[in-house]
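Structure, as structure tokens:
The values are calculated or read from the model by the stated rules, or taken from the named source; none is laboratory data. Everything numeric in this text was worked out from a predicted model, so none of it was measured. Methodologically, a virtual Cβ is constructed for each residue, glycine included, from the backbone with ideal geometry; neighbour enumeration extends over all protein chains shown.
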């Protein structure tokens, strides 16, 4: 639909129909149970060892599982209660096999779904959802960067979460400034520096929880460089005694970050002690071995994957150890297969209570409020941009124009809309579209502003120039238009953009490697899902899939160009305040007839960016 025509026709229809609110016709719950008969079961049993580890990372509030029926979502449909039951049964199996089973998490519990982010005013992000997270008996947990964007969140993790997991929640290189009993400000670890403990089989473990060199934390929180952490007396003292294994859990990529620094510091003292490393942050499945007596594992994102690692100890030999690893799709079919349970015998009272409590939280936050029914899947990377299946195409060509037309005095004036592709975080799937889907897909709160009377010939040059220059070119500190301190959203955007790029590059690599192998074509049809090639021996994926397609996306996107009388026609150039500096500076570069400034920008509509999808669904998907 043409942007200007759509605005005018839509405004008249809405005015006559009186449809100007986000009221839902169907305030009902999303069906949380996918068609489990279509979920592929695991291909083989797990390989157990002397020490076995189940790992999670980057859960980001996905505690009710992925609730839509479009694949690959059913692959990840297990709730946190299902996971709790799985853990309980796996512990029973470990006792039967007389081996150790440990649980670890590598951080990022905040910022993802309505369960973590949909709290009412005055609340703290993820405080309510973390009460359910705490019901899993983790042995070691590490802090993530999303725990550090706002001081209130970090303080909550320090006072509540860290106290619950006292001694097990680790922040080896992350501090928070608080007041002590004498009302003096002191900098202390958010959790604990390290943990030394004995397993059920009386094996000694020395554990650390390390964060990458994160520079975006809030005031009164600090992240020490990993290079400096290993020189601290407490670290040197902690690694002096040799345990049976070192357990390194931390929020950083296992392949592209600072793990070798920690690893080498330990190896300098203990050349052959087994080292188990569990990373995260890049949202990918990955495994590598820094030497033959260690293994490093990353377990994906959004409670889509459980990581599994096992190792057989050899009592101090110098030979390579027998490790195994596996990436488990987080769904009840997987859980029942590996615990030898049926649908009738799998559930536990504790697990059912957790799921029930999460449903109550979902209701309390009004997350099941339904705006409409999406007619198809709209994805970030599985469909090319532009295309009918691209969420970015839908957002910039349909949803934003529709929503803005509900509340603007500029209807009928030719216009061009430019936004950042980073404004969207997750896909939208065919079926009921709820408040939780809105929070998950489009979380950022931005104002739509515009510059009036921009020559058409100049306006149409802005998008290609923005993408040519790249999204990081004109951020604060490089542009006289932005003199203030970098905003919270800007800090989050910087890091999330790197994560998203790393994730998409990984998907592209996995897709390419799959099709480069002559035996990659399955003998029988497979559902789409993750197909992983990593640096560790053997096949890591627990369940075979056809790989997800992955298409790159530009940094900036725009609505279709309006139909105007000629290049000198004047139009509204609309954009979000988040990219104001880039747009204004770029506009001044593509034309010289006028020098634009912030004073030329005005509010286009009272609609905020995080309201767009709900407004659009109320109108277009009813």
Among the residues of region 197-209, which ones are farther than 21 Å from residue 136 by Cβ and assigned to a strand (DSSP E or B)?
204, 206
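Considering region 176-188 alone, what residues qualify as being in contact with a strand residue (DSSP E or B) (Cβ under 8 Å, 6 or more places away or on another chain) and surrounded by fewer than 20 Cβ atoms within 10 Å (Cβ to Cβ)?
Matches in region 176-188: 177, 178, 179, 180, 185, 186, 187, 188.
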The one condition residue 588 fails out of (1) under 19 Å from residue 393 (Cα atoms); (2) at pLDDT 95 or above is (1)
Are there any helices (runs of 4 or more DSSP H) wholly within region 362-478 with 1 or more residues that are more than 27 Å from the chain's Cα centre (by Cα) and modelled with pLDDT of 95 or more, and if so which?
400-405, 456-469
Could you tell me whether any residue of region 89-101 is within 23 Å of residue 284 (Cβ to Cβ) and either at pLDDT 95 or above or outside the structural domain of residue 339 (by TED's automatic domain parsing) (or both)?
no
Qualifying positions in region 141-152 - closer than 16 Å to residue 188 by Cα and surrounded by fewer than 24 Cβ atoms within 10 Å (Cβ to Cβ)
151, 152
When you check residue 350 against the structure, is it modelled with pLDDT of 95 or more and more than 19 Å from residue 129 (Cα to Cα), yes or no?
no
Residue 216 vs. criteria under 27 Å from the mean Cα position of the chain (by Cα), closer than 28 Å to residue 497 by Cβ and not in a loop (DSSP other than H, G, I, E, B):
no
Looking only at region 84-99, how many residues end up being out of contact with any strand residue (DSSP E or B) (no Cβ under 8 Å at 6 or more places or on another chain) and in a loop (DSSP other than H, G, I, E, B)?
1
Identify, please: which residue in region 69-80 is touching a helix residue (DSSP H, G or I) at 6+ places or on another chain (Cβ under 8 Å) and assigned to a loop (DSSP other than H, G, I, E, B) and is, among those, farthest from residue 118 (Cα to Cα)?
71
Consider residue 202 against the criteria (1) touching a strand residue (DSSP E or B) at 6+ places or on another chain (Cβ under 6 Å); (2) modelled with pLDDT of 95 or more: it satisfies all of them except one. Which criterion is unmet?
(1)
Provide a single number: the residues in region 236-256 that are under 15 Å from residue 226 (Cβ atoms), in a loop (DSSP other than H, G, I, E, B) and modelled with pLDDT of 95 or more.
4
Residue pairs qualifying under the 6 Å Cβ cut-off, at least six apart or on distinct chains, with the first in region 601-622 being assigned to a strand (DSSP E or B) and the second being surrounded by fewer than 19 Cβ atoms within 10 Å (Cβ to Cβ), are 605/407; 606/407; 607/407; 608/445
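Before we move on, is residue 124 modelled with pLDDT of 95 or more, within 18 Å of residue 444 (Cα to Cα) and more than 18 Å from the chain's Cα centre (by Cα)?
Criteria met by residue 124.
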